[in-house]
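What follows is one structure encoded as structure tokens, with my remarks underneath.
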Amino acid sequence: MRRIVLLVHRVPVSGAFTLNDLAGGGGRMDEVARVVSTAFLASNELRRDTEVTLLFGGSPPPAARRIRLYGERIRFLHPDERSTAALLKNALVRSIPLEQDVEASPGLVVGPVDPLAELRHLAEDPAAVWLTEDGGPFDELPPDRGATVLLGDADDPTPAEREVLESAGLPKASLGPRALRASQCVDVWHNRMDRRVPPG
Ligand SMILES: C[S@@+](CC[C@H](N)C(=O)[O-])C[C@H]1O[C@@H](n2cnc3c(N)ncnc32)[C@H](O)[C@@H]1O
């Protein structure tokens, strides 16, 4: 299983933004949506072996939200970022009055979260690495590391998130010398993983 944990910083967790302004009022929801579609959609197939966790840490609990997407069950995912953003926005809106997780659409579960506690938990995954430009080469990771990646959205992890990642002792891995967009990181990472285990 491949797992992506995206730290989302500026998207309004209430879903109070318009699909016509994903980059501005949407707090870079355009990039979050691109990460999701890049995570799951190859040319002519869905990557069923992939899961994505979006940690919306921009507002502290009880407003903070987590969205989990499961490749095995996900539906209604299309290549354009606007429809993906709509799927995520609808989930955030539906979750506002709820105190527990709900499957807002097939394969998409949303609910309240304590983002730093959840990050601490996710960082315990023995396959996890922190994707960052100043890490060691991804290709030199041991084979049991790298199937789970944690990364920032349009922004790097906050100081509080960095502290969690550092105190978890998470290995840092770089995908190359240039600072990439998060969605580009997902593309490159999938490619590296495909080379490790070619699609059967
Ligand atoms: C758009 S970048 C954040 C801003 C970027 N650090 C900059 O200086 O422009 C989003 C995230 O992608 C990941 N990232 C970007 N470039 C990377 C690289 N070359 N290797 C590994 N991760 C990278 C990091 O997790 C980063 O927080």
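Bear in mind these aren't lab numbers, they're just calculated from the coordinates by the rules spelled out. Source: prediction; values computed, not measured. Using ideal geometry, Cβ is built from the backbone for each residue, glycine included, and neighbour counts are taken over all protein chains shown.
Per 0.36 nm of contour for each residue apart, how much would the distance between residue 124 and residue 90 grow if the chain were fully extended, relative to their Cα-Cα spacing? Intermediate values should be presented prior to the final figure.
Details: separation 34, 0.36 × 34 = 12.24 nm, distance 3.02 nm.
Roughly 9.2 nm would be gained on extension.
Taking every DSSP bridge with both residues inside the stretch 2-196, close to 45 percent are antiparallel.
Extension gain, residue 23-residue 166: 0.36 nm per intervening residue step, less the Cα-Cα distance, totals 48.5 nm. As a calculated quantity, the FRET efficiency between residue 195 and residue 144 at R0 = 22 Å, using C-beta atoms, amounts to about 0.85. If R0 is taken as 25 Å, the Cβ-Cβ distance between residue 114 and residue 72 corresponds to a FRET efficiency of 0.40.
To two decimal places, what compactness ratio does the stretch 2-196 give when its Cα radius of gyration is scaled by 2.2 N^0.38 Å?
Numbers: Rg = 15.6 Å, N = 195, 2.2 N^0.38 = 16.3 Å.
Rg over 2.2 N^0.38 Å, computed on Cα atoms: 0.95.
Helices in the chain, meaning DSSP H runs of at least 4 residues, each add -39500 (n - 2.57). Divided by all residues, the mean residue ellipticity at 222 nm is -9000 deg cm²/dmol.
Here the spin labels are modelled as points 7 Å beyond Cα on the Cα-Cβ line, and at residue 158 and residue 101 they lie 2.3 nm apart.
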